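Note sheet for the following structure.
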Amino acid sequence: AELGRDLSRREVLAALLTRVEARFEALDGGDSASVVRAVNERCMSLGRRVRVGAREGVAVEVHDDGGMRVVFDDGAAQVLHGSEGLRLLDRDGA
């Protein structure tokens, strides 16, 4: 709808694979900074309230090692990796 025309699945897949290939080439060439920057620009979790165990805070950035930096309500910060119990909260805090 945004383009004003129909797109085939083939066109969408080709565009997606082209973008993924560019990111892999950047990583392979040692340019992880551009990939991390792109992730931070697009990550929908950033700026959102999160819960880790009994603590709540805000997800603020993705580090170059893939960890999510969270600043907790008490001011402490922590970088979480993988499935360390980070849970996005709904807008109403649940």
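Some values worked out for this structure:
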| read-out | value |
| --- | --- |
| Label of the coordinate-derived value, semi-axes √(5λ) of the Cα gyration tensor in Å, listed as (1) 32, 19, 10; (2) 21, 19, 13; (3) 20, 15, 10 | (1) |
| Cα gyration tensor shape of region 1-43, rounded if a/c is under 1.5, else prolate or oblate by comparing a/b with b/c | oblate |
| Rounded to the nearest 10 Å², the accessible area of Ser34 at probe 1.4 Å | 20 |
| 1.4 Å probe accessible area per residue over the chain, in Å² | 74 |
| Low-density loop cleavage sites - trypsin sites (Lys or Arg not before Pro) in region 9-94, where at most 12 other Cβ are within 10 Å (DSSP) | Arg91 |
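The values are calculated or read from the model by the stated rules, or taken from the named source; none is laboratory data. All values derive from a computational prediction rather than experimental measurement. Positions of Cβ are backbone-derived with ideal geometry, glycine not excepted, and every protein chain shown enters the neighbour counts. Just the protein is used for accessible areas: all its heavy atoms, side chains included, with ligands, DNA and RNA removed. Shrake-Rupley method; radii C 1.70, N 1.55, O 1.52, S 1.80 Å.
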